[in-house]
Amino acid sequence: MQTVLNAVTDPLRRNALRILWNGGEHCVCELMSRLDASQSRMSRHMKTLKNAGLVVDRRDAQWVRYRKNTDLSPQIMAVINAIFAAEASEERTVA
């Protein structure tokens with residue numbers, strides 16, 4: 001659990017995970033564009049999410065595509081969902 005929590009402490013990783021969380025598969029280039037991050041930075045953050053078991057990847061020619069790990073335990077899914085819900089609530093309060 002500690003590895004998962006460490007992985008989601010970074011805002012860029014949380015945002016990348018949020019994009020993948022609702023399903024679908026995205027290559028690093030798409031995540032870079034949406035999150036305004038360099039290729040090396042995005043790849044490094046995705047490696048952290050992968051090492052934490054939150055995402056899985058597959059190679060597609062020269063691209064690496066990421067998606068949510070659907071084999072996560074219900075407890076980890078609940079923690080990630082709670083983090084996203086708390087952030088959404090905070091954003092509504094600030095706005």
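The values are calculated or read from the model by the stated rules, or taken from the named source; none is laboratory data. Every value quoted in this text rests on a predicted model; they were computed, and no experiment measured them. Heads up, the Cβs are rebuilt from the backbone with ideal geometry, glycines too, and the neighbour counts pull from every protein chain shown.
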Residues of the range 55-95 that turn out to be hydroxyl-bearing (Ser, Thr, Tyr) and loosely packed, with under 11 Cβ neighbours inside 10 Å, as a count: 3
Residue in the range 56-68 that is closer than 17 Å to residue 32 by Cα, among the acidic types (Asp, Glu) and modelled with pLDDT of 95 or more present: yes
Residue among 37, 52 that alone is surrounded by 15 or more Cβ atoms within 10 Å (Cβ to Cβ) and under 11 Å from the mean Cα position of the chain (by Cα): 52
